[in-house]
Amino acid sequence: MTADPIAAGCAWLEQALALAGFKTTVSVVESPLAGVVPGHWLEIDRQSLSAAQIESLLANNAQALDALQYLLNATLNLGRSRQEQTAFTLELAGYRRARYRQLQEIAHQVAAQVLNTGKPVEIRSLSAAERRVVHSLIKVESDRLETFSYGEEPDRRLVVQLAQGTEAEVAADALEQV
C-alpha cells in the first residue's frame with residue numbers, strides 16, 4: 001500500500017467498487033465541513049455509473065455508501081495510532097453535501113432550542129458517522145452545550161444538553177425528541 005494515505009484511500013475504494021462491478025474513478029474533493037470535521041472527502045465519479053448502480057449505493061439512506069465508508073476507514077487505519085489515522089468521507093451524486101446541510105440545520109435548531117429552553121433534546125435516526133458530525137457541529141455552535149450518545153445500535157441516539165449536566169443526570173422522560 002502506498003505511503004500517501006489519501007492515494008491509498010482512492011486506490012482501495014476504486015478496487016472495492018470494481019470488485020462489486022462498479023467500474024469508476026475516485027477523486028479527492030474539498031469537504032464542506034473543513035475545519036469542523038477532520039478528514040478527507042473522496043468522491044465517486046457518477047458519470048461512469050448507471051442510474052441503477054447509483055441508486056443501489058444510495059438506497060436506504062445510503063447504507064451501502066456508509067458501509068463502504070466504514071470498511072475504507074477500518075481497513076486503512078488498522079494498526080495505526082490515532083495520530084496516524086486518516087478519516088475518509090465518501091460522496092456520491094451530492095448525497096453527502098445535501099445530508100450535511102440537513103445535519104447543520106438540525107444542529108443549529110437543536111442548539112438554539114436547548115439554549116432557549118434549558119432542556120436536553122434527543123436526536124434520533126442518525127448513523128454513527130452522522131452522530132460524530134453533529135457532535136462536532138454542536139461544539140462549534142456553543143461552548144455552553146455538550147453532547148453524548150446513548151443506547152444500542154440501531155437505536156442509538158444523540159443528546160444535546162446544557163454543559164453543566166452529565167449523561168447520568170438526564171432522565172429519558174425529560175428529553176425532547178427531534
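Got a sec? Which of LEU42, LEU17, LEU71 is of a type outside the set (D, E, K, R), closer than 30 Å to ILE138 by Cα and part of a helix (DSSP H, G or I)? Among LEU42, LEU17, LEU71, only LEU71 is of a type outside the set (D, E, K, R), closer than 30 Å to ILE138 by Cα and part of a helix (DSSP H, G or I).
Listed by first and then second residue, the pairs with beta-carbon distance under 9 Å, at least 6 apart or on different chains, first residue in the stretch 30-56 and farther than 19 Å from CYS10 by Cβ, second among the hydroxyl-bearing types (Ser, Thr, Tyr) and assigned to a loop (DSSP other than H, G, I, E, B), are VAL37/SER31.
Would you please name the residue that is nearest to ALA163 (Cα to Cα), looking only at residues in the stretch 127-147 that are of a type in the set (A, V, I, L, M, F, W, C) and open to solvent by 30 Å² or more (accessible area, probe 1.4 Å)?
Among them, the one singled out is VAL140.
Within the stretch 47-57, the set of residues being more than 22 Å from SER31 (Cα to Cα), hydrophobic (A, V, I, L, M, F, W, C) and surrounded by 16 or more Cβ atoms within 10 Å (Cβ to Cβ) comprises just one member, LEU49. Would you check if there is a residue in the stretch 112-122 being under 30 Å from ALA11 (Cα atoms) and among the hydrophobic types (A, V, I, L, M, F, W, C)? Checked against the condition, which is being under 30 Å from ALA11 (Cα atoms) and among the hydrophobic types (A, V, I, L, M, F, W, C), the stretch 112-122 yields no hits at all.
Is the stretch 2-11 home to any residue that is among the hydrophobic types (A, V, I, L, M, F, W, C) and touching a Lys or Arg at 6+ places or on another chain (Cβ under 8 Å)? No, every residue in the stretch 2-11 fails to be among the hydrophobic types (A, V, I, L, M, F, W, C) and touching a Lys or Arg at 6+ places or on another chain (Cβ under 8 Å). Residue count for the stretch 74-96 under the criterion of being more than 12 Å from the chain's Cα centre (by Cα) and in a loop (DSSP other than H, G, I, E, B): the result is 9.
Can VAL133 be described as assigned to a helix (DSSP H, G or I) and either over 25 Å from ALA8 (Cα atoms) or of a type outside the set (A, V, I, L, M) (or both)?
Numbers: assigned to a helix (DSSP H, G or I): yes; either over 25 Å from ALA8 (Cα atoms) or of a type outside the set (A, V, I, L, M) (or both): no.
Spelling it out, it is not the case that VAL133 is assigned to a helix (DSSP H, G or I) and either over 25 Å from ALA8 (Cα atoms) or of a type outside the set (A, V, I, L, M) (or both).
Taking the conditions (1) in contact (Cβ under 8 Å) with a residue 40 or more places away in the chain; (2) open to solvent by 70 Å² or more (accessible area, probe 1.4 Å); (3) not hydroxyl-bearing (Ser, Thr, Tyr) in turn, GLN85 satisfies each one other than (1).
Exactly one residue out of ARG96, ARG157, ARG80, ARG124 is in contact (Cβ under 8 Å) with a residue 12 or more places away in the chain and open to solvent by 40 Å² or more (accessible area, probe 1.4 Å): that is ARG124.
One line per residue, one yes/no per condition, for (1) at pLDDT 95 or above; (2) open to solvent by 20 Å² or more (accessible area, probe 1.4 Å):
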position: ALA8; (1), (2): yes, no
position: SER27; (1), (2): yes, yes
position: GLU30; (1), (2): no, yes
position: LEU33; (1), (2): no, no
position: VAL37; (1), (2): no, yes
position: ASP45; (1), (2): yes, yes
position: ALA59; (1), (2): yes, yes
position: LEU65; (1), (2): yes, no
position: ALA107; (1), (2): yes, no
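From the set of residues in the stretch 109-121 that are in a helix (DSSP H, G or I) and open to solvent by 20 Å² or more (accessible area, probe 1.4 Å), which is nearest to ALA64 (Cα to Cα)?
Within the stretch 109-121, the subset in a helix (DSSP H, G or I) is 109-117.
With open to solvent by 20 Å² or more (accessible area, probe 1.4 Å) added as a condition, the list becomes 109, 112-113, 115-117.
Working: GLN109: 29, ALA112: 33, GLN113: 33, LEU115: 36, ASN116: 38, THR117: 38 Å.
Checking each candidate, the answer is GLN109.
The values are calculated or read from the model by the stated rules, or taken from the named source; none is laboratory data. On a predicted model such as this, the values are computed, not experimentally measured, just so you know. Positions of Cβ are generated from backbone atoms using ideal geometry, with glycine treated the same way; all protein chains shown enter the neighbour counts. These area figures cover heavy atoms from the full protein model, side chains too; ligands, DNA and RNA do not enter into them. Shrake-Rupley method; radii C 1.70, N 1.55, O 1.52, S 1.80 Å.
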